[in-house]
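Below is one structure; the comments refer to it alone.
The values are calculated or read from the model by the stated rules, or taken from the named source; none is laboratory data. Bear in mind that the values here come from a model prediction, so they are computed numbers and not experimental data. Here Cβ is always computed from backbone atoms with ideal geometry, including for glycine, and neighbour counts include all displayed protein chains. Surface accessibility is based on the protein's heavy atoms, side chains included, excluding ligands, DNA and RNA. Shrake-Rupley method; radii C 1.70, N 1.55, O 1.52, S 1.80 Å.
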Amino acid sequence: MLKTLMNRFEQGNRTSSYPKTPIEMPSRYRGVPTIAPEGPDAPADLAKACAEACPQAAFDADKRTIDLGRCCFCGTCERVSKSKLVHFTQSFELSTAKREHLITDGIGAKNGANDDANAGALPDLANHAKQHFKKLFGRSLQLRQISAAGCNACEADLNVLTTPFFDLSRFGIDFVASPRHADAVVVTGPISRNMRTATLTTYEAMPAPKAVIAVGACAISGGPFTGSPEVSEGLESLLPVDLFIPGCPAHPLTNLHALLSFFK
Amino acid sequence: METKFHAITNGEAIDRNDIPHLPFTEFRDEALALVAEGGKVVQLFGTAAVDGALPDGALPDGLLPTIAVMRLEDQLWVAATDLPETYASLTQEAEVFHLFERELAEQFGVTPEDHPWLRMVRYHPNYADRPDVFGNDYAVDIPGNYSYYAVAGEEIHEVAVGPVHAGVIEPGHFRFNCIGERVLNLEISLGFQHRGIEPMLPGATAGRRQLLVGTIAGDTSAAHSLCHAHAIEALALADLSVSTPDQMVRTAALELERLANHTGDLGALSGDVAFLPPANYCGRMRGDLLNMTLWFCGNRFSRGLVVPGGVGMDLEPVDSETVLGRLTELKPQLEHVIDLIFTTSTVRARFDGCGRVSHEDAQHLGLVGPAARASGMDYDARRVFPTEHYTQIDVPKCQPFTGDVYARARVRADEIIASVALLQDLLPKIKSTKSTAVQDHALAPSSLVVTLNEAWRGEVSHCVLTDAQGKIERYKIKDPSFHNWNGLAMSLRDTGISDFPLNNKSFNLSYCGHDL
Ligand code: SF4
Ligand code: SF4
């Protein structure tokens with residue numbers, strides 16, 4: 001008993017006050033990218049070099065855009081351009097309500113800004129959220145997770161939302177065991193051939209109205225596995241997706257921000 | 001011992017011509033002789049080119065070129081053979097070959113005769129365009145023609161769970177044959193996470209390969225990346241030797257991965273016996289440990305940290321100081337929570353004697369990692385085949401254990417304590433590192449390299465074969481879970497079905513690492 005109490009005191013209160021107070025990410029974290037317009041520091045051939053080095057074909061040299069749905073945030077383009085052309089900020093607010101919004105020209109993203117000033121880079125999620133979802137699920141949101149052939153890191157970073165630091169249930173959001181109890185399905189992984197039917201059946205088992213959330217590069221585009229005949233090119237090829245949460249994996253705070261902005 | 005297998009070294013490339021090519025019967029006898037001496041299988045795989053598009057007649061005369069890598073004590077052995085379309089299975093003599101032979105059958109359409117449990121592994125068409133061994137039509141959904149182990153009798157019932165489970169967990173299918181609450185047999189059928197990674201690797205650019213090896217199993221990213229890096233470093237024609245500080249960072253990455261996962265598992269085990277305080281504390285501390293990796297490389301799962309030739313980041317002394325500071329702060333908390341778990345009688349009442357895997361069974365199944373150590377097999381690749389900075393480190397031997405949930409938990413706890421000590425010693429030595437770019441390297445032609453590292457779940461191994469032009473012809477991956485899933489099934493024998501979650505957590509195996 002004494003040990004239980006002593007551990008309790010030692011552990012203290014660890015729950016973060018996000019979103020009331022912003023959180024600073026360490027400098028090596030790669031969040032919303034900025035992309036410099038063409039200029040002497042960032043010429044066209046540097047853009048081409050970035051595109052060639054990108055393992056995910058996520059960087060478009062002509063348009064100077066990054067498709068955050070394909071990007072695995074490996075940072076190669078940043079390294080190749082010595083941060084002159086591509087630079088990843090520490091903003092973890094990466095999610096969008098539309099697939100095409102994930103293709104960013106990286107203009108207006110500010111380092112570390114987790115507020116409206118940052119809205120230039122990616123369309124502000126809260127304003128693009130479906131308003132009827134907010135009304136339906138704003139006070140209570142039950143999530144059913146389907147793990148469909150990723151690497152399990154996205155699942156891990158969803159799972160931590162229930163640990164004391166994030167404490168998801170203080171927002172009225174929980175993971176539930178049955179699709180019958182769920183308001184939204186959270187899919188991770190590139191949906192392998194062997195998980196296709198199980199994914200669809202789980203979705204069908206949920207009562208309407210229901211939302212569909214794709215978490216991670218895999219679920220959005222196939223991620224690192226794109227091109228394999230064993231996986232799909234993303235959840236959208238199977239189901240209508242309402243919320244896209246990019247990353248490889250999506251950082252827990254990216255997930256939290258997305259859920260709060262979209263549903264609250 | 002006398003063997004026709006050829007001795008090789010972890011992470012050293014050899015000429016393919018130096019691999020002894022044995023007639024099948026001799027190959028079989030020699031491999032079985034090694035097992036009889038206590039040897040284990042590291043790899044056994046078909047070496048026909050696998051790149052998604054096999055040329056016609058890839059298997060001349062119906063023979064499948066095959067390589068076996070075995071380990072016996074501190075020595076690795078390799079030999080090759082040509083497997084006929086049907087051959088006398090090795091599994092009927094030695095269980096350690098069980099899943100490897102099933103994989104061979106699935107990947108290349110060869111049939112091991114008298115294999116006691118010839119079933120699919122991952123459910124995909126074979127790479128050789130041969131008739132399917134299992135009679136499957138892969139347009140039909142998984143599991144196809146899979147006949148599950150059945151038990152008959154009046155009181156017998158069957159419980160089927162998955163692929164989609166109740167929590168935020170990977171998919172897999174579990175079949176329990178029960179008499180009342182008691183499990184007679186558990187069958188685990190996987191493959192849902194199959195992404196086809198192996199066929200993607202030979203044709204991939206270095207950048208893509210780096211992503212792919214880091215996502216074989218996301219929680220084992222450092223270990224798989226390290227095996228990949230060792231393979232490329234051994235094969236590259238350019239000098240890719242790794243500096244001492246880089247080696248230290250890579251060692252630290254592997255240990256942080258071990259710490260984070262072991263800590264998370266202890267919390268999960270505690271949560272499963274309804275002792276919630278440690279479950280919460282461990283969940284939080286695991287996050288702190290992942291954030292140390294984030295500090296080093298910008299990713300909680302160490303993506304891009306371990307690359308061929310070194311590390312992917314420029315690190316300053318302040319980086320290891322920061323991580324060391326955090327770890328030092330965390331250490332007493334970890335120790336106290338571990339003490340709390342193991343001195344709480346309600347926890348011990350559930351852990352003790354639950355899901356016992358005997359030393360003998362563990363040997364027969366060829367378990368690896370903490371699960372094997374919990375059953376008294378003290379193999380640890382860090383000590384037996386040391387790489388990186390492990391050559392300078394005394395990795396403590398683990399004490400003999402009883403093979404139950406308690407033992408599997410205790411091994412984790414001991415390894416947490418050992419890893420913290422190891423890191424406290426290592427981190428102050430790391431000054432600065434210079435980043436190494438991931439790039440394509442010309443590789444030695446006609447070579448083979450086998451790499452092994454001790455991930456938190458046990459031995460990870462990668463095998464790379466190059467062709468006469470120095471192109472990667474075959475990239476074989478083995479995650480420790482490939483050895484251990486049957487250990488979990490064994491632990492459930494004669495155990496209450498309600499103890500399944502607890503036993504499952506005590507192994508915490510990777511579905512994606514198994515399914516590739
Ligand atoms: S960070 Fe994204 S866009 Fe840049 S190279 Fe990597 S995958 Fe491509
Ligand atoms: S998106 Fe990346 S981290 Fe997430 S499951 Fe896919 S490979 Fe893993």
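A few notes on this one:
- Once the Cβ-Cβ distance of A:Asp41 and B:Asn17 is raised to the sixth power relative to R0 = 51 Å, the FRET efficiency obtained is 0.45.
- Computed FRET value (nearest 0.05) for A:Ala205 with A:Lys20, which takes r as the C-beta separation and R₀ as 45 Å: 0.80
- Absence of a disulfide-compatible partner, taken as no other cysteine beta carbon within less than 4.7 angstrom, is noted in chain A for A:Cys54, A:Cys71, A:Cys74, A:Cys151, A:Cys154, A:Cys218.
- Segment A:140-150 - phi-based ³J(HN,Hα) in whole Hz, Karplus 6.51/-1.76/1.60, Gly and Pro as x: 8, 10, 9, 10, 10, 9, 10, 9, 10, 6, x
- Cα centroid of segment A:1-79 to Cα centroid of segment B:22-46, whole Å: 47
- Working from label points 7 Å from Cα in the Cα-to-Cβ sense, the A:Leu2 to B:Ile156 distance is 5.5 nm.
- Distance cut-off 35 Å, percentage of C-alpha pairs in chain A lying past it: 18
- Accessible area per residue (1.4 Å probe, heavy atoms of protein chains only) ranks B:Glu360, B:Glu170 as B:Glu360, B:Glu170, with the largest value leading.
- Rounded percent of accessible protein surface that carbon and sulfur make up, segment B:197-507, 1.4 Å probe: 52
- Kyte-Doolittle at least 1.0, axis length at least 24 Å by Cα - qualifying DSSP helices, chain A: none
- Surface/4 of the Cα convex hull for segment B:6-143, nm²: 8.8
- Distances between placed amide hydrogens fall under 5 Å for B:Leu76 paired with B:Ile8, all partners being 5 or more residues away or on another chain.
- Over chain B: Kirkwood hydrodynamic radius from C-alpha pairwise inverse distances, Å: 23.4
- A Förster radius of 30 Å combined with the Cβ-Cβ distance from B:Gln424 to B:Ser243 puts the calculated FRET efficiency at roughly 0.85.
- Average accessible surface for the protein assembly as shown: 36 Å² per residue, computed with a 1.4 Å probe over protein heavy atoms with every protein chain in place.
- Peptide A:219-230, shielding by other chains (average Cβ, 10 Å cutoff): 5
- Simple spin-label estimate for B:Asp352 and B:Asp339 gives 2.1 nm between the two label positions (7 Å along the Cα-to-Cβ direction from each Cα).
- Segment A:Asp167..A:Ala57, full-extension length gain: 36.0 nm, with 0.36 nm per residue of separation and the alpha-carbon distance subtracted.
- Near B:Asp74, once Lys and Arg are set to +1 and Asp and Glu to -1 for all other residues with Cβ below 15 Å from its Cβ, the sum equals -2.
- Taking a straight Cα-Cα cut-off under 23 Å and skipping sequence neighbours fewer than 8 places away in the same chain, the lysines within cross-link reach of B:Lys429 are B:Lys331.
- Converting phi to 3J(HN,Hα) with the Karplus coefficients 6.51, -1.76 and 1.60 and the offset θ = phi - 60°, segment B:153-166 yields x, 5, 8, 7, 9, 10, 10, 10, 10, x, x, 7, 9, 6 Hz in sequence order, with x at every glycine or proline.
- Bridgeable lysines around A:Lys134 (alpha carbons under 21 Å apart, same-chain partners fewer than 8 residues away excluded): A:Lys20, A:Lys98, A:Lys210, A:Lys264.
- Here the scattering of the protein assembly as shown is modelled by Debye summation over its C-alpha atoms, one equal scatterer each and no solvent; at q = 0.07, 0.09 Å⁻¹ the log10 of I(q)/I(0) is -0.47, -0.81.
- Buried surface between chains B and A: roughly 4700 Å² of accessible area, summed over both sides, computed with a 1.4 Å probe on protein heavy atoms only.
- Centre separation in Å (Cα based) which lies between segment B:469-493 and segment B:315-368: 24
- Expected 222 nm ellipticity per residue - DSSP helices of 4 or more, -39500 (n - 2.57), all of the protein assembly as shown, to 500: -10500 deg cm²/dmol
- Here the peptides B:33-40, B:350-357, A:135-142 are ranked by packing, the mean other Cβ count within 10 Å, and the order with the highest first is B:350-357, B:33-40, A:135-142.
- Label-to-label distance, nm, for residues given as A:Glu233 and B:Ala88 (7 Å Cα→Cβ offset): 5.2
- Among the listed pairs A:Lys63/B:Lys431; B:Lys397/B:Lys478; A:Lys3/B:Lys478; B:Lys40/B:Lys471, those with a Cα-Cα distance over 32 Å are A:Lys63/B:Lys431; A:Lys3/B:Lys478.
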